[in-house]
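Heads up: the structure comes next, in C-alpha cells.
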Amino acid sequence: MKKIIISLFVVLATTTMFAQVQTTPMSIVSPDSAVTYRLFCTQNKWTYIKLNTRNGQMWQVQYSLEDNNMEVPLSLITLVSKEEEKNGRFFLYPTQNIWNFILLDQLDGRVWQVQWSTEQKNRMVIKIN
C-alpha cells in the first residue's frame, strides 16, 4: 500500500510539473525593463508580435522553414509623445482568443485590443475605452 501511495504521488507531481511547463512559454518575459523591443509568442508557432515597449508600435513577425518569412506592421502609430517614451512602458498580454492580445500602457493604464492575422484586412489595433 505504501508503494502505491508513493507511486501515485510521483505520478501526480510529474503531471503537475509537466502541465506547468506546457503553459510557461506564453508567459516567459525578460525581467529587464530597459529593453526597447520584445517578442511575444502567439498561439501560432510560426507567428510572434514585436513590440516597441517605448511607444507602442507593433509588427507581426512570421517565420517558416520555407521562404515565407515576413515582418509586417500591426500599428506604426506612436501612442505617446517623444518626451513620454520610456523603455518598458508598453506590454502585451495574451487572451484566450488566438488572434488577440491586450496592449497595456503600464504608466497610465490605457489599453488596446491588438488583433494579428495572416490577412492584412484582419489586422487591427483598437483603443478600449
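The values are calculated or read from the model by the stated rules, or taken from the named source; none is laboratory data. These numbers come from a predicted model, not from an experiment. FYI the Cβ positions are ideal-geometry reconstructions off the backbone, even for glycines, and counts take in every protein chain you see. Side chains included, ligands, DNA and RNA excluded: accessible areas come from the protein's heavy atoms. Shrake-Rupley method; radii C 1.70, N 1.55, O 1.52, S 1.80 Å.
Structural remarks
- Yes/no for residue 38 being of a type in the set (Lys, Arg) and under 11 Å from the mean Cα position of the chain (by Cα): yes
- Selection within segment 93-117 - in a loop (DSSP other than H, G, I, E, B), free of Cβ contacts under 8 Å to residues at least 24 places away in the same chain and out of contact with any Phe, Trp or Tyr (no Cβ under 8 Å at 6 or more places or on another chain): 96, 97, 107, 108, 109
- Residue match in segment 13-25 (condition: touching a Cys at 6+ places or on another chain (Cβ under 9 Å), modelled with pLDDT under 60 and of a type outside the set (A, V, I, L, M, F, W, C)): yes
- Of the residues making up segment 42-61, those that are part of a strand (DSSP E or B), open to solvent by 30 Å² or more (accessible area, probe 1.4 Å) and not basic (Lys, Arg) number 3.
- Where residue 77 falls short, out of the listed (1) open to solvent by 80 Å² or more (accessible area, probe 1.4 Å); (2) among the hydrophobic types (A, V, I, L, M, F, W, C); (3) outside any loop (DSSP other than H, G, I, E, B): (3)
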